[in-house]
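Enquirer: For reference, the structure I am asking about is given below.
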Amino acid sequence: KRSHARFYPAPCGCSVDKDILPATGYSFLMVPQVCNIGTATAMKFSVLCNNIKELEQDGGRLQKLTFALCHMFQGWWATTREPSVIMYATRLAELVSKMSKPELGAKVDNGGHPVL
């Protein structure tokens with residue numbers, strides 16, 4: 001998720017998938033947001049499971065989809081660095097974590113579940 005690659009005058013949507021990254025698997029660097037002050041930080045995206053063999057020939061479709069998903073998060077007014085599905089999954093995990101914590105002083109069993 002973290003990348004320290006910097007593209008100095010990089011336009012929004014700039015992506016690199018060859019010559020910089022190792023040849024193992026399919027991954028690419030993308031600048032999904034506009035940066036008015038300083039430099040834009042590229043995000044590294046990796047394909048963990050490839051069931052669609054067309055991605056190997058035409059990776060540009062996946063890059064366009066990823067770029068479009070960075071513009072679709074409803075909880076923020078600007079472009080996000082991460083695709084909206086990852087932002088929604090993060091928000092859901094935070095909500096579940098808050099809801100599953102027992103109140104202070106409640107009895108808890110060995111599995112961490114509150115005892116009624």
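The values are calculated or read from the model by the stated rules, or taken from the named source; none is laboratory data. Since the structure is predicted, the reported quantities are computational estimates derived from the model, not experimental observations. All Cβ positions, glycine included, derive from the backbone under ideal geometry; neighbour counts span all protein chains shown. Ligands, DNA and RNA are stripped out before the accessible areas are found, and what is left, the full protein with its side chains, is counted by its heavy atoms. Shrake-Rupley method; radii C 1.70, N 1.55, O 1.52, S 1.80 Å.
Enquirer: Using Cα pairs closer than 8 Å and at least 6 residues apart in sequence, work out the relative contact order for the stretch 11-66, in percent.
Expert: 28 percent
Enquirer: From largest accessible area down, sort V16, V31; use a 1.4 Å probe on the protein chains. Numbers along the way, then the final one.
Expert: Values: V16 30, V31 0 Å².
Order by accessible area, largest first: V16, V31.
Enquirer: Okay, moving on. Which sequence of I20, I37 reflects their accessible areas, 1.4 Å probe, from the largest down?
Expert: Working: I20 105, I37 150 Å².
Output order, biggest surface exposure first: I37, I20.
Enquirer: Go through M43, M99 and list them by solvent-accessible area, largest first, probe radius 1.4 Å.
Expert: M99, M43
Enquirer: Using the Karplus curve 6.51 cos²θ - 1.76 cosθ + 1.60 with θ = phi - 60°, what ³J(HN,Hα) values do you get for each residue of the stretch 20-29, in whole Hz, with x for Gly and Pro?
Expert: Running phi through 6.51 cos²θ - 1.76 cosθ + 1.60 with θ = phi - 60° gives 9, 8, x, 7, 7, x, 10, 9, 8, 9 Hz.
Enquirer: How many nm separate the modelled label positions at R81 and V34, each set 7 Å beyond the Cα in the direction of the Cβ?
Expert: 1.9 nm
Enquirer: Given a 1.4 angstrom probe, I'd like the percentage of the accessible area of the stretch 7-46 that is carbon and sulfur, rounded to a whole number.
Expert: Values: 1360 of 2380 Å².
Here it works out to 57 percent.
Enquirer: Whole-Hz Karplus ³J(HN,Hα) for the stretch 31-38, in order, using 6.51 cos²θ - 1.76 cosθ + 1.60 and θ = phi - 60°, x for Gly and Pro?
Expert: Per residue, the Karplus-derived 3J(HN,Hα) values read 9, x, 10, 8, 10, 7, 10, x Hz.
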